[in-house]
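To start, the structure itself, in structure tokens.
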Amino acid sequence: MNNQEIAEILYENASIARRTLAAIVDTLILLIILGGPLMIYLNHQIDIDNLNSMRFDERQDYILQKMKSRGLDLRVTIVIIIDSLLVLLYYMATESLYGQTLGKMITGIAVVDINKKKIGIFQAFVRNLPKALLFFLMSPLGFIMLIDHFAALFDDRGMRIFDRFASTLVVYEYVLNREKENRSAEYIHLGGSK
């Protein structure tokens, strides 16, 4: 195999399906870690058993009324803002340190910059900013995330809008592993030792 063929194999972009599966895994992990305590807290503050006897359209009014009467609306808003920042921190830390979130590790994909190198903390911040807006999906801000992800369907490299801003790509995991092997091989070839 010549070098051009190796380069094509090394830098194969991850499929939208694989990226979506990784996003679902990460979302489930974050919902359990961040959403679980919030739901337990709200369950104790709002009589959840009452909800079962209500029509769907009555439930939202009931929950909002209970939250306001107990002063929970401000507390829940603060928790949502903190959760959004924790979501952003999770993605920034895992992608800048390891090139992968837990979901990406499980699905075998990773994030690299457009030069196929490890991304930095600022790139991780920029590319994941829409994910922090996930908790605000009911507001116009949440649609930024949907538009961002939808744009990847129309890009030949599968880049989201914020991937373009951050100059990042999502590739199959072996890209990182093979790149590390190649650097080690080059170092040994130049007379160095491991």
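A few notes on this one:
- Accessible surface of region 80-121, 1.4 Å probe, proportion on carbon and sulfur as whole %: 75 percent
- The string of couplings for region 116-128 from the Karplus curve (6.51, -1.76, 1.60, θ = phi - 60°) is 6, 10, 4, 7, x, 5, 5, 4, 5, 4, 5, 5, 9 Hz, one whole number per residue in order, with x for Gly and Pro.
- P(r) of region 75-121 over all Cα-Cα pairs, binned every 10 Å from zero, in whole percent: 27, 40, 23, 9, 1
- Computed from backbone phi, the HN-Hα couplings of region 99-113 come to x, 8, 8, 4, x, 5, 4, 5, 8, x, 10, 8, 10, 9, 7 Hz, rounded to whole numbers (Karplus: 6.51 cos²θ - 1.76 cosθ + 1.60, θ = phi - 60°; Gly and Pro given as x).
- Förster-model FRET efficiency, 30 Å R0, LYS116 and LEU31, C-beta, rounded to 0.05: 0.40
- For ALA14, the residues whose amide H sits under 5 Å from its own are VAL170, VAL171, TYR172, ignoring neighbours fewer than 5 places away on the same chain, with H placed 1.01 Å from N.
The values are calculated or read from the model by the stated rules, or taken from the named source; none is laboratory data. These numbers were taken from a predicted model, which means no experiment stands behind them. Positions of Cβ are backbone-derived with ideal geometry, glycine not excepted, and every protein chain shown enters the neighbour counts. To get the accessible areas, we keep the full protein, side chains included, count just its heavy atoms, and leave off ligands, DNA and RNA. Shrake-Rupley method; radii C 1.70, N 1.55, O 1.52, S 1.80 Å.
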